[in-house]
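Structure first, commentary second.
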Amino acid sequence: MHCAGNWTGIDIAFSLFNGTGLVKPDANPNEDINLAEDTPLDISPESFGTIGKVLKSLKGFNLDCYKDKCIKRRIGIRVRATHCKTAEDYCELLLGSEVELELLYKVLTIHVSQFFRNPLTFRKVKEEIIPQLIQQCKNREQRELRLWSVGCASGEEPYSLAIILKEHFQEDLQDLNVSILATDVDADTLQAARAGVYGEDRMAEVPDPVKTRYFTQVGSKYHLLPEIKEMVTFRQSDLFDTSSYPVSDLILCRNVLIYFERSQQQKIMQALPPCWNKGDFSCSVSRRPFSASRELFNTVCPIERIYRAV
Ligand SMILES: C[S@@+](CC[C@H](N)C(=O)[O-])C[C@H]1O[C@@H](n2cnc3c(N)ncnc32)[C@H](O)[C@@H]1O
């Protein structure tokens, strides 16, 4: 199958950690922060353990599941932003400040997203995957089409799917019950997703006619119309809780696994296929399946990293 493009989901995800630039104390923790000159923080096991305990007990966030190097870089951002001299000073600050705990959590969960992020993936989904899914529903007399956006951040990804369905498939979907579920571990980002209000930075890939049809511009912000918002259901859910995975025909799991330890990625990838019907259903993940999970996936498009349950 032909697949155009010269980037990969993985490059995009890694680009969060490339480049230059210092973080200002008042920096928005959700911004895409460039970190090349920020080497991982020199942090003692004791301080790392303390930070881990605080995050686990107060936010339910398990540091052990994420890549050490990423996490230390991210903690380093907050250490510098708060002008702490050492990681130990930062621990002390963290223990006494709920606000700092929230800011650290935001930096660690990284909510950078965009409408139609990696447009070639969305093109592929629009031109090949959704038509196949609709045809399969017809063949199987299946009445439901269930789409799941995992780690949906502020909703740009599931709303992009909703816009595609509205723009191109309204007639084909008339007889189907379509659901778009969007999950994320972070309650605040889900609240922003439900509000559906976006700055210009999130809109770079939105074609002008789509902007005009589905958004109302108010000052510098774009407000998504209710007709698109109501197509998506948001739910707080932790990807490490594999028992909570919904049955889905298409799973978008992009720029999320990249932050997790390899063993956790493996666990999640092995848990994903059982939520598909066996056979021809598709999935887009930004990690190439490896070792034991490889046999569970057939590759549909290696460049866009689209796979199918075997
Ligand atoms: C970089 S954003 C990706 C957004 C979107 N998928 C995209 O590609 O544009 C990563 C999202 O994963 C979420 N996340 C991190 N750990 C998670 C977990 N354990 N379970 C569910 N979501 C998680 C973060 O809160 C964040 O919103």
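So here's what we get for this one:
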{"item": "Cβ-derived FRET efficiency at R0 35 Å, residue 290 paired with residue 177, nearest 0.05", "result": "0.50"}
{"item": "Efficiency of FRET between residue 225 and residue 170 - r from beta-carbon atoms, R0 22 angstrom, step 0.05", "result": "0.90"}
{"item": "Counted charge near residue 238, where neighbours are those whose Cβ lies closer than 13 Å (Asp, Glu -1; Lys, Arg +1)", "result": "+1"}
{"item": "Under-5 Å amide H pairs with residue 238, H placed in peptide plane, nonlocal only", "result": "none"}
{"item": "Potential extension, residue 244-residue 211 segment - 0.36 nm per residue separation minus Cα distance", "result": "8.4 nm"}
{"item": "Distance violations [Cα-Cα > 30 Å] among 69/126; 56/85; 126/229; 211/267; 59/166", "result": "69/126; 211/267; 59/166"}
{"item": "Pairwise label distance in nanometres, residue 53 with residue 141, each label 7 Å out on the Cα-Cβ vector", "result": "6.1"}
{"item": "Neighbour net charge for residue 50 - beta-carbon separation under 10 angstrom, K R +1, D E -1", "result": "-2"}
{"item": "Residue-span extension gain [residue 97 to residue 261] - 0.36 nm each, minus C-alpha spacing", "result": "56.2 nm"}
{"item": "Where only C-alpha atoms are counted, convex hull volume of segment 119-309 per residue in Å³", "result": "115"}
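Computed from the coordinates by the stated procedures, all read-outs in this text should not be read as laboratory data. As the structure is a computational prediction, the values presented were derived from the model and not from experiment. For neighbour counting, all protein chains shown are included, and Cβ atoms are generated from backbone atoms with ideal geometry for every residue, glycine included.
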